[in-house]
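Every number in this text was worked out from the coordinates using simple rules, so none of it is lab data. Only a predicted model underlies this, so the values are computations on that prediction, with no experimental measurement involved. Reconstructed Cβ throughout: ideal geometry from the backbone, glycine too, with neighbour counts over all protein chains shown.
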């Protein structure tokens, strides 16, 4: 039958209820390696467990009568499970080093400052769980007290055992199970936390994407957005469309250099500033000059700049004002005419490059029916095949002409355009892509 284990000594053993103990030298306060008692480091995270690591069990019990005996055990690899014993929680905290994998806690042990039989149920277990949140914990209770054992599991222990039913096979299996279950629980918790953070980030980024304000306008709106950075919903590209009380429809698209989270945040700030300035009645050069001031105050480096294209469409839908700040010119398609780029002769510099720059506003005749596509350079800078040649604006115009000839329009047109650009590139595009489309059909 099992024999009492001298405190803090290693036990080479066989996996059975019959103990044949051979104890290594060591004092009463030593650990399983026979080292000195005074050099135990502060509590740390539980040790990672693999097949090459010896399991270490910390037994926390105060048994003056010596009735509790821990049998000899082997782990799954046939290596002896090392055992340490603590008489109280203070000593347990000192022995809870980074190589401990599992704790066997006697639920009869009183908590610090409390007598046995305290009114608060399982107070000692709760103290240990706070002390060792990353360790597997086995609860030890009196024979037949399954209700208390089940409550211990509900509170946070991995399993419970009866004091007078301990044997090497049962306990070694329980230790291995508890360690694996704790590791599984921690992995599942980390995965859940990661999913929750991803969902929160997605909700935040989705909330920062614009909602077009076109109520009362006959124009149709469509947009596509693909950030270049992995697992993101928002990049450095930004766009917006609003209708002011006088019936004018204002559209904007822009691109902050770079495509990390800082650039995405700056893009959102510029978009919101543009919307506020537009509703305040600014347009053209005055609006872009003010937007440049916002950029200069919000950017982290003087090297950060942004390209912007703004279009304000007259209430009758036939005319528009166009401003380009280092941005590619929009594409327009009209019935009976091939799609083409709008003029870009008076293209001003990107925002943030020249302190006192000016951005001329060009008048454009749209006609009675048209489709106007604004886009960022991510759509035209993808490669064609395996070489270094890029699609470019001419290639994009040819592509859109072909897709229009196939009868594509609206969302379907934008989806086809972005998909074909990705295919030509041979995979995902490195840069952010934003495209918006405004259609007028009399």
At R0 = 41 Å, FRET efficiency that the Cβ-Cβ distance of residue 334 and residue 422 yields, to 0.05: 0.90
Calculated FRET value between residue 298 and residue 173, using beta carbons and R₀ = 41 Å, to 0.05: 0.10
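Over 17 Å apart: what share of the alpha carbon pairs of the stretch 334-425 falls there, rounded to a whole percent? The partial results should precede the final answer.
Details: 2485 of 4186 pairs.
It works out to 59 percent of all Cα pairs.
When a/c reaches 1.5 or more, the comparison of a/b and b/c decides; with that in mind, is the stretch 209-440 rounded, prolate or oblate per its Cα gyration tensor?
Details: a/c = 1.57, a/b = 1.06, b/c = 1.48.
In terms of gyration-tensor shape, oblate.
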Burial ranking of peptide ranges 90-102, 304-316 (average Cβ count within 10 Å, highest at the top): 304-316, 90-102
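Taking the Cβ-Cβ separation of residue 198 and residue 164 as r and a Förster radius of 56 Å, what is the calculated FRET efficiency to the nearest 0.05? Intermediate values should be presented prior to the final figure.
Working: r = 49 Å, r/R0 = 0.87.
That pair, residue 198 with residue 164, gives E of 0.70.
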Two-site label geometry, residue 318 and residue 346: point separation in nm, points 7 Å out along Cα→Cβ: 2.1 nm
Stretch gain in nm, segment residue 154-residue 290, where the contour uses 0.36 nm per residue and the Cα spacing is subtracted: 42.9 nm
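May I have the convex hull volume per residue, in Å³, for the Cα set of the stretch 151-310?
196 Å³
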